[in-house]
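Worksheet: one structure, shown below.
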Amino acid sequence: MTSVDMEADVAEVLLSEDEIRAKVLELGRQISDDYAGRQLTLVSVLKGSLPFMADLMRSITIPVRIDLMEVSSYGGITTESSGLVRILKDLSSSIEGSDVLLVEDIIDTGLTLNYLLRYLRGKNPASLRICTLLDKPARRLVEIPVDYIGFTIPDRFVVGYGLDYGELYRNLRFVGVLRPEVYSG
Ligand code: IMP
């Protein structure tokens, strides 16, 4: 069961607020260098990528446009991806001929991303790259080349900095692992 004290539900902090901040700045610098002299469209996937997108876009120094999609990769309270992807919110503007960077919170099995990549490629962007804050390669089911990775993490279910369990814990400023009682409750 989840308690009213979010931090009391956390067993371990995997990535501190400071570590995340430093990494996001580094990614922003790298992306600004790689796309120097160009304009970039950042496409982020709600809801988990929201804090990462907000911080990353402000650490990028070239002109960017942003767009938001929302997909559901699994329903209800579960820690397993079903592979079923539904588009709940589509892009607002055309990305045809644009340099697009897909901003993701975490790549786990890769099924969600695989679906999104096919979908976005169908809209004929000039280029399409991927930036993820977290990568969990141990559980990958589809091979996907990822261009920018913040942190590679072990095969554990994590919450915080946008990531949820049962829609909660997204507003934690760090990335952590919950106590087993929280899942079994
Ligand atoms: P995939 O399709 O298995 O790669 O899953 C991608 C989506 O599953 C992410 O965008 C998250 O919303 C969710 N997800 C995967 N692993 C975790 C986790 O450890 N914590 C919270 N959400 C996760």
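In this structure, residue 130 does not qualify as touching a strand residue (DSSP E or B) at 6+ places or on another chain (Cβ under 8 Å) and within 9 Å of the ligand (Cβ to nearest atom).
For beta carbons closer than 9 Å, sequence separation of 6+ or different chains, a first residue in segment 85-103 that is of a type in the set (Phe, Trp, Tyr) and a second that is surrounded by 11 or more Cβ atoms within 10 Å (Cβ to Cβ), there are no qualifying pairs. A search for C-beta distances below 6 Å between a residue of segment 153-179 that is farther than 20 Å from residue 109 by Cβ and charged (D, E, K, R) and any residue that is part of a loop (DSSP other than H, G, I, E, B) and within 9 Å of the ligand (Cβ to nearest atom), counting only pairs 6+ apart in sequence or on different chains, returns 170/162; 170/164.
Considering only residues of segment 25-73 that are part of a helix (DSSP H, G or I) and in contact (Cβ under 8 Å) with a residue 60 or more places away in the chain, which is nearest to residue 96 (Cα to Cα)? Ranking the qualifying residues of segment 25-73, first place goes to 31.
Conditions (1) surrounded by fewer than 17 Cβ atoms within 10 Å (Cβ to Cβ); (2) more than 9 Å from the ligand (Cβ to nearest atom); (3) over 26 Å from residue 20 (Cβ atoms); (4) among the β-branched types (Val, Ile, Thr), marked per residue:
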{"site": "100", "(1), (2), (3), (4)": "no, yes, no, yes"}
{"site": "134", "(1), (2), (3), (4)": "no, no, no, no"}
{"site": "162", "(1), (2), (3), (4)": "no, no, no, no"}
{"site": "176", "(1), (2), (3), (4)": "no, yes, no, no"}
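Within segment 74-94, can one find any residue that is more than 9 Å from the ligand (Cβ to nearest atom), modelled with pLDDT of 95 or more and surrounded by 18 or more Cβ atoms within 10 Å (Cβ to Cβ)? No: segment 74-94 contains no residue that is more than 9 Å from the ligand (Cβ to nearest atom), modelled with pLDDT of 95 or more and surrounded by 18 or more Cβ atoms within 10 Å (Cβ to Cβ). When segment 133-164 is filtered for residues that are touching a Leu at 6+ places or on another chain (Cβ under 7 Å) and at pLDDT 95 or above, the ones remaining, listed by number, are 148, 150, 151, 153, 158, 159, 160, 161, 162.
The residue that is surrounded by the fewest Cβ atoms within 10 Å (Cβ to Cβ), among those in segment 104-119 that are away from the ligand (no atom under 11 Å from the Cβ) and touching a residue at least 12 places away in the same chain (Cβ under 8 Å), is 119.
The values are calculated or read from the model by the stated rules, or taken from the named source; none is laboratory data. If you're wondering where the values come from, they're calculated on a predicted model, not measured in any experiment. A quick note on method: Cβ atoms are made from the backbone with ideal geometry, for glycine too, and the neighbour counts reach across all protein chains shown.
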